[in-house]
Every structure is written in structure tokens, then in C-alpha cells.
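Encoded as C-alpha cells, the structure appears first; notes follow it.
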Amino acid sequence: MRLFPRSAFGQTVFLIGILLLINQLVSYLSVVYYVIKPSYQQINHLIAKQIKVVFIDVEHNEVLLSEELTKRFQQATGIEVYTDATAPLHGLNEASYYPYFSSEMSQELGGPAEVRIAQQSSYAFWVKPPQAPQYWVKVPLSGLDETDFSPLKIYVLVIGFLSVAGGWLFARQLNRPLQGLQQAALKVGRGEMPDPLPEHGSTEIVAVTRAFNRMAKGISQLEKDRALLMAGVSHDLRTPLTRIRLASEMVSEQDSWIKDGIVSDIEDMNAIIDQFIDYIRHHKEEALDEEDLNLLVQEQISADRLQKREIIASLSESLPLVPLRRIAIKRVLNNLIENALKYSEGAIEVSTGLERASRKVYVQVRDHGPGIPEHEMQRMFEPFAQGDTARGSGGSGLGLAIIKKIVDMHHGQISMHNHAYGGLVVTVYLPVSPTKAA
């Protein structure tokens, strides 16, 4: 089990808690050694003096104390003296033995002494002095039980709470810019350009934020330059392609096979140019709308250009509306079905459904082609990646890259696997919650 937290926030609070614990421990030891221990030593010293007064003559003359003398001494000082036989009758058995006080008292009295402490209505010290080991001296301490430690307890609790709360606020304030930086970095990873982050916090955080803003600005400029370049290339390429197409119309009938080849090549080149434009297009500019995924799938299947082979639709009933960009998702569906038609023979199966646990809808396209090797699947989502020779290698290699880019923009996931009975299965998941797809 890992006790040390991973996050900077948790580590800061953990560190402050450890420092607070050490501080409380040092404070406790300081109070014990510099306040409580001297007080106990002073109490022992005073009690020892009183006991010496009681037995001031016993040590030299070795006479027993008379009962009348002990009564008069008790009335005058409150100190009671009992023999070994009478002491248990007055509460000796309820007193507890304390080695520390016994050792201290032995040093004060110059011989082996035994100290017991009783706590009934008030504290009382029972001492067996070395001067008269047949006696027990009971010294009441009426003021000790009145000591109130509540302010000390409240002080410790308040200081502990304020320290932890202050550490939590400090860590939270320190962590907030990092969270904003994380969210902005995720947006950049999805191809979105976030607004410049506010530069506040510690000097290190400000430096990192400023560097990130400069990086994001540079990436945004590169994205604009790339879009401008591709738009210019597309325009410049389409113009000569159009002239070639017009020239091909003048080819004689006996050379029609040449014309068909030229027209086919021109269409392929236009399709490749369209894929390049689709890949760099900023689909984020399209607004999110609540859409019925089943309706989009039906529209795509019913398109005339898709009626080349049988397409079997298995659409789940009562799918919830999903926040999505209509044109972008239709482009995803179009690319999925076009790929299935291009790299397989036989029927194409398209299905939709809802995963209630994760609150995601999905659309799944299965073909009956040769599939893709497992080790090649992840690479297929990269730009310009070509498929296995079993599925052919035509096209620009941008189809799945475009799909993944659009799905990532919707905070969804895409996966693929080979079907147990042959063919490739591609599944796109889209979140139902609008807050996740914004």
C-alpha cells in the first residue's frame, strides 16, 4: 500500500502534517522536561522538607511518635502519619506506586523511600520515609486536582486545525495554476487552441505558464500556416487537374481507354486532396448540437453513393441524444463505411448501442475482409499509415487519422479488433454528457 501521495497537492498537505506532528512532539517534550518535570521536582522537594520536619527528632533519638503529637501535627499542617498497621485503613491500598517519585524522594531524604499517589476526592502523596520505615506519611495536595488543562488542549487542537487548513489552502492555491495548465495541455493535444493562461502564482509557476503560452501561440501559428499552405496547394493542384479533365474530353473514341484512365487518376487525386483538407480542417468551428446518432447513421447508409453492396443496419432503440458536430460525425461514418467497402467483399454490418455504465453511445462497423494484424492496429491511426498488403495500400493513409482526430475532439474513443469469424470491427464511442463533449 502506497502511503506517500503522488500529487503535489497531497505531498504538500502530507509534509505539513508531518511537520505539525514533529512540532507537537517537540512541544510536548519541551513542556515535560522544562515545565512538568521541574514542577514535580519542586513538589517532591517541598514534601521531603515537611517529612523531615515530622521526623526531625526520630532520626537522632529513635523515639516513636505519640498519637497525640500526630493529631496535633495533622490539625496544624494537614499532614497525617500512620503506622504500617493503620495506613491501609485510611486509603493506602487505593494508592498506586510511582517509581519516579520514589527515586526522587529517596535522593531528597537520603535513603530508600517509597511513594504512592492516591486520587479520590483530592490527590494525596503516601511516603514511607527512610528515617522511620514503620510509618506512612500522607501529604494532601488540594490544589493539584483543580488544575485545568482545557486551555492547553484547546490550544493544541486549534493550532493543529489552523496549520492543516493553512497548508490545504496553500497547496490548493499552488495547485490551481497547475490544473489549468494540465487542462490547456490536453486541449492542445486534441488539436484545440486554448486561450492564453493567466500568469500568476509563484515565480516558477509563472515561468512555466509563460513558456506554455508561447508554445501554444507558436503551435497555433504553425497550424494556421499549415492550413494556408494546404489550401494554396489544393487550389493550385485543382486548376491543372481541371484543365487535364477538359483536355481528356477531346480524346477520340478509339482512344477512350486513355480517357478513362486519365479521369480515374484525376478522381483519385481529387479524393486525396479532399482527405488532406479534411485532416487539417478545424472541425471545432462547428457548433455542438444534440443529435440522434441513429438518424445520422441512417442518412449515411441511404446515400446513393453507398449503395454498392448490401449494408446491414442493426440500430439500438431509444438512444439518448448526443452532443456532437453533425458534419464532422457524418464524415467519421462516411470514412468508416468507405474503408469497409474498399477493403472487403460481401455485406457491411453497422450497429449502434448504449453502454449504460460509462454513459457512452457507440457506432460499430464490421466488414468481412482479411482484417489487420494485431501489431499494426495502433499504427493505423497515425497520419499516412498504410494498411497491410492483404487489405491493399491505396489512398493517402489519412482516413483513420481523420476519424481519430474528430473522435478525440468529441472526447470519445475509437478501437478496432479482428472478428472471430473474419473481418475487421471498428467501434467509435461518444460520451452522452454534454459537459464532457464541450
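The values are calculated or read from the model by the stated rules, or taken from the named source; none is laboratory data. On a predicted model such as this, the values are computed, not experimentally measured, just so you know. When we count neighbours, we look across all protein chains shown, and the Cβ atoms used for this are built from the backbone with ideal geometry, even at glycine. Quick note on the areas: whole protein, heavy atoms, side chains included, nothing else; ligands and nucleic acids left out. Shrake-Rupley method; radii C 1.70, N 1.55, O 1.52, S 1.80 Å.
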Residue pairs within 9 Å by beta carbon, gap of at least six or interchain, first lying in the stretch 97-118 and in a helix (DSSP H, G or I), second aromatic (F, W, Y), listed first then second, are Y100/Y40; F101/Y40; F101/F125; E104/Y40; M105/F125
Of S351, S302, S316, S358, the only residue that is closer than 17 Å to H419 by Cα and not β-branched (V, I, T) is S351
Considering residues that are surrounded by fewer than 17 Cβ atoms within 10 Å (Cβ to Cβ), of a type in the set (A, V, I, L, M), farther than 14 Å from V350 by Cα and modelled with pLDDT of 90 or more, the number found within the stretch 290-336 is 1
Taking the stretch 262-289 and keeping residues under 36 Å from the mean Cα position of the chain (by Cα) and either open to solvent by less than 60 Å² (accessible area, probe 1.4 Å) or at pLDDT 70 or above (or both) leaves Y279, I280, H283, E286, A287, L288, D289
Would a scan of the stretch 33-44 turn up a residue that is among the hydrophobic types (A, V, I, L, M, F, W, C), at pLDDT below 70 and out of contact with any His (no Cβ under 6 Å at 6 or more places or on another chain)?
yes
Scanning the stretch 188-243 for residues that are among the hydroxyl-bearing types (S, T, Y) and open to solvent by less than 90 Å² (accessible area, probe 1.4 Å), the one modelled with the highest pLDDT turns out to be T209
Taking the stretch 326-371 and keeping residues among the charged types (D, E, K, R) and in contact with a Phe, Trp or Tyr (Cβ under 9 Å, 6 or more places away or on another chain) leaves E355, K360, D367
Looking across the stretch 388-438 at residues that are among the hydroxyl-bearing types (S, T, Y) and at pLDDT 85 or above, the single one that is surrounded by the most Cβ atoms within 10 Å (Cβ to Cβ) is Y429
Heads up, the strands (runs of 3 or more DSSP E) in the stretch 287-383 (entirely inside) with at least 2 residues that are under 23 Å from Q413 (Cβ atoms) and among the acidic types (D, E) are 289-291, 348-355
